[in-house]
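**Student:** The structure's right below; bear with me while I get my questions together.
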Amino acid sequence: MNLRNLLQNLENQGKLKKQQTGIDYINDLLYAAFRNLKASEANLVSFEETAFKAAYDGLLQISRAVLLINGYRPDDGEQHKTTFEVASHFLGPKFVKLIQRINFYRVTRNNCIYNPRGIITRTEAENILKTSKDFWGKVRLYLKSLSPQLELFEI
């Protein structure tokens, strides 16, 4: 399915809405992602679950920025899933494997939240942080091509 059809289908299903968002808000969202990735690094040694959740939140915020810069926002009960799905289509085929990994982390995070007996290992926390940095490095280039006004942090 091409991007235009996907967007129209998701709008018709009530999962996506058009929204114009100012650059200041998107910059704030990216700064929040930066803080989450730094918090993930800081918590990696002692608080693996906190590190995992912070890295996940950073991934989500970066992906939301991709949607917002393109004039959309998720609007349903599956906002995380919708955000990653639509971001993947905006970003293109070179992001397919990264988004598949991110979706795996989305399920892991849901299990962690709703089944608190699940323990996040240090390896899982390290892996999501590595994926987050890889994802940001690639998304950063994409966002840079769309707007020179974005404040694109370095990790």
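**Student:** Could you give the length gained by full extension between R122 and D75, i.e. 0.36 nm per residue of separation minus their alpha carbon distance, to one decimal place?
**Tutor:** Gain on extension, R122 to D75, equals 13.6 nm.
**Student:** In whole Hz, what ³J(HN,Hα) sequence does region 145-155 give by Karplus (6.51, -1.76, 1.60; θ = phi - 60°), x for Gly and Pro?
**Tutor:** Those phi angles translate into 6, 8, 7, x, 7, 6, 8, 9, 5, 9, 10 Hz.
**Student:** Name the residues whose placed amide hydrogens come within less than 5 Å of the amide hydrogen of K17, ignoring near sequence neighbours (fewer than 5 apart) on the same chain.
**Tutor:** Result for K17 returns R73, D75.
**Student:** In addition: Each residue of region 71-79 in order: what ³J(HN,Hα) in whole Hz does its phi give by Karplus 6.51 cos²θ - 1.76 cosθ + 1.60, θ = phi - 60°, with x for Gly and Pro?
**Tutor:** Result, ordered by residue: x, 9, 8, x, 8, 7, x, 10, 4 Hz.
**Student:** Residue separation times 0.36 nm, minus the C-alpha to C-alpha distance between R4 and S145: what's the value?
**Tutor:** Length gained between R4 and S145: 48.7 nm.
**Student:** Seen from all sides and averaged, what is the projected area of the convex hull of the Cα atoms in region 4-155, in nm²?
**Tutor:** With the hull built on Cα positions only, its mean projection is 8.7 nm².
**Student:** Fewest to most neighbouring Cβ within 10 Å: what's the order for I155, I102?
**Tutor:** I155, I102
**Student:** I would also like to ask the following. Order these by the 10 Å Cβ neighbour count, fewest first: Y105, Y114, Y25, Y56.
**Tutor:** Y114, Y25, Y105, Y56
**Student:** Length gain on complete extension for the stretch T50 to D28, per 0.36 nm per residue less the alpha carbon to alpha carbon distance?
**Tutor:** Roughly 5.8 nm would be gained on extension.
Rule-based calculations on the coordinates, nothing more; no lab input. Just so we're clear, the structure is a prediction, and the values are computed from it rather than from any experiment. Cβ coordinates were reconstructed from backbone atoms using ideal geometry, including for glycine residues, and neighbour counts include every protein chain displayed.
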